[in-house]
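The values are calculated or read from the model by the stated rules, or taken from the named source; none is laboratory data. In this text, all values refer to a predicted model and were calculated from it rather than measured experimentally. Positions of Cβ are generated from backbone atoms using ideal geometry, with glycine treated the same way; all protein chains shown enter the neighbour counts. Keep in mind that these areas ignore ligands, DNA and RNA; they rest on the heavy atoms of the full protein, side chains included. Shrake-Rupley method; radii C 1.70, N 1.55, O 1.52, S 1.80 Å.
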Amino acid sequence: MKIAVVGTGYVGLVTGTCFAEIGVDVVCVDIDAEKIARIERGDIPIYEPGLDEMVIRNMKAGRLRFATDLSACLDGVEILFSAVGTPPDEDGSADLRYVLDVAHSVGRYMTDYLVVVTKSTVPVGTARKVKAAIQSELDKRGEKIDFDVASNPEFLKEGNAIADFMRPDRVVVGVESKRAEALMQKLYKPFMINKYRIIITDIPSAEMIKYAANAMLATRISFMNEIALLCDEVGADVGAVRKGIGADDRIG
Ligand SMILES: NC(=O)c1ccc[n+]([C@@H]2O[C@H](COP(=O)([O-])OP(=O)(O)OC[C@H]3O[C@@H](n4cnc5c(N)ncnc54)[C@H](O)[C@@H]3O)[C@@H](O)[C@H]2O)c1
C-alpha cells in the first residue's frame, strides 16, 4: 500500500516513519525545503528517542522518502494524511489555514480516488470544509474524481511518540464510506493483529473524541493543581492524595 503524509513535523514524521516500519510505502511531503533536506541527510529536527535510526533504516529500505512537491507524489497513493499545524488564532480558535491549503492542493493535483485523512487536531466540522475545498478545485478543473475524507486524530505524546504510535491505547478512525473504511482497516491491520483497539466511527464523532480527550486531560491537570494548592493550605501530601483518589477505578 502507498500513502502520503503531508506536513513532516512532529506528528507527520512519526506517522510516516512508523507506517514505513510496518511495511507501507510512504512519501512524506513538506513545504519547508530546508527541513526536508535535513531529514534526507539523516539529521532529524525533533528529539524523539529511536526516530533517527528508524528514519534512516526505512529510507535505506526504500519504503520512506521525502519530497517538497505534492503534485509529483500522488501517483498510486491510496491514502493521504494531512498532519500540518493548527496553531491557535488570536481568539484561541484553531487556525485551519494550513489544513485547507493542503486540501486545495490535493484537489488541484489528485488524479485518482484518494482517502484524505486529517490527522491534525481540528474542530468538529473541519472534514466538511476539507471536502468542500477539494471539491471546489476539482470543479475548477472540470474533473470528476471520487474521493473520501476521513478523520484519524493523533494522541501521541512528544518524547514517547514511537511507542504511542506503535502500541496505541486506541486508534480512532472517522469515515463516511465503506470504501474509505476498508482502506483504513487495511492500513491499520497490523495494529489490529496486535489487538490494539481500533474505533471506527462517523467523522464528527472522531473529531469530537480528540477535543473531548484534550479537554478531559486539561481538566484533570487543572483539578490536581487546585488540589495541590489546597493540600499546601491544610498540610496534606498531594502525592498521597493523588494515589488515594487514583485507586478508585472510576478515577484512575
Ligand atoms: N506534536 C504533538 O505532540 C501532537 C500530538 C497530537 C496532535 N498534534 C496535532 O497534529 C498537528 C501537527 O502538529 P505537529 O506538532 O506535528 O506540527 P509541526 O509544526 O511540528 O509540523 C507541521 C508541519 O507542516 C508543514 N506544513 C505547513 N503547511 C504545509 C503545506 N501546505 N504542505 C506541506 N507541509 C506543510 C510545516 O512546514 C511543518 O513542518 C497539529 O494539529 C497538532 O495540534 C500534535
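So the values come out like this:
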quantity	calculated
Matching residues, segment 1-53, being away from the ligand (no atom under 14 Å from the Cβ) and under 18 Å from Ser105 (Cα atoms)	Ile3
Residue identified as within 17 Å of the chain's Cα centre (by Cα), within 12 Å of the ligand (Cβ to nearest atom) and surrounded by fewer than 15 Cβ atoms within 10 Å (Cβ to Cβ) among Gly125, Gly159	Gly159
Residue list for segment 209-225, filter: under 23 Å from the mean Cα position of the chain (by Cα) and of a type in the set (Gly, Ala, Ser)	Ala212, Ala213, Ala215, Ala218
Extreme residue, nearest to the ligand (Cβ to nearest atom), among residues of segment 87-112 that are part of a loop (DSSP other than H, G, I, E, B) and within 25 Å of Val14 (Cα to Cα)	Pro87
Given (1) more than 16 Å from the ligand (Cβ to nearest atom); (2) among the aliphatic types (A, V, I, L, M); (3) open to solvent by 20 Å² or more (accessible area, probe 1.4 Å), number of the condition Leu187 does not satisfy	(3)
Residue list for segment 219-252, filter: in a helix (DSSP H, G or I) and small (Gly, Ala, Ser)	Ser222, Ala228, Gly239, Ala240, Gly244, Gly246
Index of the failed condition, Tyr211 passing every other in (1) touching a residue at least 60 places away in the same chain (Cβ under 8 Å); (2) farther than 24 Å from Pro123 by Cα	(2)
